[in-house]
Ligand code: NAD
């Protein structure tokens, strides 16, 4: 052993080959944290010395002793790092790059054996070597744009020189993980081999370079030199890429376009100058609030996963599930459960319901097959895992039941009491109710401790969130098992306490309350949609109402108004009420605020309908042009304040849970990090001052006493 660290070891093998192995102690994966970077520096110095002093080291093979190669930089260190002044961040990045460049400059051939995932900094390490041999099972990529940044360990420099600007742009601006065949095709790796041949093949490659059979110096030189591309061609390639990527990423995500501009700036430079240019661009992106929010989001997601894991340890088994009701939600739940490997019984009271549910599942599966995401055999297996029935025949084998029948307390009470008699004690019963109190639903049960809420979002296969709702009597094991089932289904569970609307609908309806007030005061619903979409929402509130269903919205709004009359009760007739009265239910009957026509692909396309304006005119003030900031404040304040209240009322435990619930449940703009991050970015005092500006709009705009106190004392949520 010539170097023995806590993340890296270097030992000499036969034939003058040194093996540099990544194996971060105390962690399940390798990552570039401070310790690993420092050890890479030291290990490279040791190798350098050994090469200079003797002829013992003739080549270097880089390996990992973990299942992954290196997952990337340590994102838990980013918050602190990104808080540095920009100039310091540039210098720090340049200094870190010197470590990779020193490794690249070793006077012997080097090769990496990519045994598993090598992403971000992990793949940049691979790029610093002369050769890359990849296991057929591994994945590589540069996903930094997903965090609002781009590669900063020389990735934009080496990748563009290695695979050409067009491929580099696609990898870096797209941020995808790539399979071995795709990596080989563009030349990002030199060979792909079966996992068991990886080490041998990598050593063999280095030996061929040592013997002179392969010219590693010429290969390396390409990464050190400017890119050879005629000026005119360069201009055209970059300009069209910028146009395309800007359109795709949108104005709220600047990193992909800045990455392309950075490559454009450094493509005519030698490595070290190019790296400095990359470092400057990287630091600029790291200082944006987008990057900081996306990093926060990643950390929140990690925290959520950890909480889920803690629950899973206390959970019972979930090998067989059942769903009651084969409607929109029941069908979706059955599909998702079967797809992810938990067989499910789907019970309805009429055959027509079952046929509908199964057809929906078939449609989704056929789509997967036609997109080559699944083969026909697997489709058959998934369909066989859904067992349609009109009776409770096999219910004694079931571990978890999801009730998804119509939203009616009486019906739900009856159905829950009935199913309880057909399952064994300990079977977890859950309800997918959107609004009815879980504690209230539990009143129908003999074993309320085995019951909790499991609230999915529509469409089930697309929406990542599941709210797991703790009723007054739900046991912790019931919650744990429900969390486990949600995870098994590939969803992100957030555990919340019971209240009308739980977390997501409780905060969504004040937002719709803001919308109702704006229309009453003369705002144009189309303008409100446009402003909120520009703010980052996937759809504006009028469009969202149409998609949710105006009837569903009005019903839920009534429940929320009953639960929180002071804030959510309304003393005026709203435009949404008018839509409902006129049976304009939205997308489901092709007319709501907008009219829906079917496009060429068979998807609903919204078009403007003048009659909407005529219908709502009697309940709206004379048309008035609201400033975008005014619209944003009037829409966002009620929602953000309700999130604060949910934290104060202990409906949701942490700010991270609340923010993730909003992002995954209602599509809160991810680059803003969630409602609490949005308040914090503005500053608590500024937010309170803004609320006060709108005080005459009533209780939806009134900050809580605690929020005022926190603001005055300079406290924060995170
Ligand atoms: P739906 O009307 O599409 O489906 C309800 C199904 O339940 C029907 O097929 C009906 O035949 C069946 N059913 C009725 N009584 C039954 C019984 N006794 N036993 C078995 N099946 C019975 O409704 P949906 O939109 O799927 O909603 C179901 C539940 O999910 C509701 O509680 C709703 O609030 C909730 N939810 C809906 C959405 C949504 O966007 N649609 C989102 C989240 C939660």
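The values are calculated or read from the model by the stated rules, or taken from the named source; none is laboratory data. Since we're looking at a predicted model, the values are computed, not measured. As a convention, Cβ positions derive from the backbone with ideal geometry for all residues, glycine included, and neighbour counts pool all protein chains shown.
When you look at residue 673, is it in contact (Cβ under 8 Å) with a residue 12 or more places away in the chain and more than 27 Å from residue 566 (Cβ to Cβ), yes or no?
Numbers: in contact (Cβ under 8 Å) with a residue 12 or more places away in the chain: yes; more than 27 Å from residue 566 (Cβ to Cβ): yes.
Taking the combined requirement at face value, the residue satisfies it.
With the condition kept exactly as written, say whether any residue in the stretch 414-425 is touching a residue at least 60 places away in the same chain (Cβ under 8 Å), more than 16 Å from the ligand (Cβ to nearest atom) and in contact with a strand residue (DSSP E or B) (Cβ under 7 Å, 6 or more places away or on another chain).
Within the stretch 414-425 (the criterion being touching a residue at least 60 places away in the same chain (Cβ under 8 Å), more than 16 Å from the ligand (Cβ to nearest atom) and in contact with a strand residue (DSSP E or B) (Cβ under 7 Å, 6 or more places away or on another chain)), the answer is no, since none of the residues qualifies.
Considering only helices (runs of 4 or more DSSP H) fully contained in the stretch 466-558, which possess at least 2 residues that are away from the ligand (no atom under 16 Å from the Cβ), in contact with a strand residue (DSSP E or B) (Cβ under 7 Å, 6 or more places away or on another chain) and touching a residue at least 24 places away in the same chain (Cβ under 8 Å)? Explain how you work it out, then say what you get.
On the way: elements: 476-488, 504-520, 525-535, 541-548.
So the answer is 476-488.
Which residues, counting only those in the stretch 568-607, are touching a residue at least 60 places away in the same chain (Cβ under 8 Å) and under 31 Å from the mean Cα position of the chain (by Cα)?
First pass over the stretch 568-607, keeping only residues touching a residue at least 60 places away in the same chain (Cβ under 8 Å): 568, 576, 593, 606.
Those that are touching a residue at least 60 places away in the same chain (Cβ under 8 Å) and under 31 Å from the mean Cα position of the chain (by Cα): 568, 593, 606.
Residues are listed down the side, and each one gets a yes or a no for (1) out of contact with any helix residue (DSSP H, G or I) (no Cβ under 9 Å at 6 or more places or on another chain); (2) at pLDDT 95 or above; (3) closer than 30 Å to residue 155 by Cβ:
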| residue | (1), (2), (3) |
| --- | --- |
| 275 | no, yes, yes |
| 283 | no, yes, yes |
| 286 | no, yes, yes |
| 320 | no, yes, no |
| 331 | no, no, no |
| 342 | no, yes, no |
| 350 | yes, no, no |
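Checking the condition farther than 18 Å from residue 20 by Cβ and at pLDDT below 95, which residue from 55, 95 passes?
On the way: 95 fails: at pLDDT below 95.
Among 55, 95, only 55 is farther than 18 Å from residue 20 by Cβ and at pLDDT below 95.
Might you check whether a residue that is at pLDDT below 95, over 21 Å from residue 100 (Cβ atoms) and assigned to a helix (DSSP H, G or I) occurs anywhere in the stretch 252-262?
Within the stretch 252-262, none of the residues are at pLDDT below 95, over 21 Å from residue 100 (Cβ atoms) and assigned to a helix (DSSP H, G or I).
Of all residues being away from the ligand (no atom under 15 Å from the Cβ) and at pLDDT 95 or above in the stretch 426-441, which is surrounded by the most Cβ atoms within 10 Å (Cβ to Cβ)? Just the residue, please.
Applying the first criterion (away from the ligand (no atom under 15 Å from the Cβ)) to the stretch 426-441 yields 426-428, 439.
Restricting the remaining residues to those that are at pLDDT 95 or above gives 427-428, 439.
Details: 427: 23, 428: 29, 439: 19.
Among those residues, the one meeting the criterion is 428.
Kindly establish whether residue 289 is in contact with a strand residue (DSSP E or B) (Cβ under 7 Å, 6 or more places away or on another chain) and touching a residue at least 60 places away in the same chain (Cβ under 8 Å). Show your work before the answer.
Numbers: in contact with a strand residue (DSSP E or B) (Cβ under 7 Å, 6 or more places away or on another chain): no; touching a residue at least 60 places away in the same chain (Cβ under 8 Å): yes.
No: the conditions fail for residue 289.
If you check residue 402 against the conditions, is it surrounded by 13 or more Cβ atoms within 10 Å (Cβ to Cβ), touching a residue at least 40 places away in the same chain (Cβ under 8 Å) and away from the ligand (no atom under 16 Å from the Cβ)? Step through it out loud before you land on a result.
On the way: surrounded by 13 or more Cβ atoms within 10 Å (Cβ to Cβ): yes; touching a residue at least 40 places away in the same chain (Cβ under 8 Å): yes; away from the ligand (no atom under 16 Å from the Cβ): no.
Considered against the rule, which asks whether it is surrounded by 13 or more Cβ atoms within 10 Å (Cβ to Cβ), touching a residue at least 40 places away in the same chain (Cβ under 8 Å) and away from the ligand (no atom under 16 Å from the Cβ), residue 402 comes out as no.
Is it fair to say residue 71 is surrounded by 21 or more Cβ atoms within 10 Å (Cβ to Cβ), farther than 19 Å from residue 299 by Cβ and either outside the structural domain of residue 130 (by TED's automatic domain parsing) or in contact with a strand residue (DSSP E or B) (Cβ under 9 Å, 6 or more places away or on another chain) (or both)? Lay out the reasoning, then the answer.
Details: surrounded by 21 or more Cβ atoms within 10 Å (Cβ to Cβ): yes; farther than 19 Å from residue 299 by Cβ: no; either outside the structural domain of residue 130 (by TED's automatic domain parsing) or in contact with a strand residue (DSSP E or B) (Cβ under 9 Å, 6 or more places away or on another chain) (or both): yes.
No.
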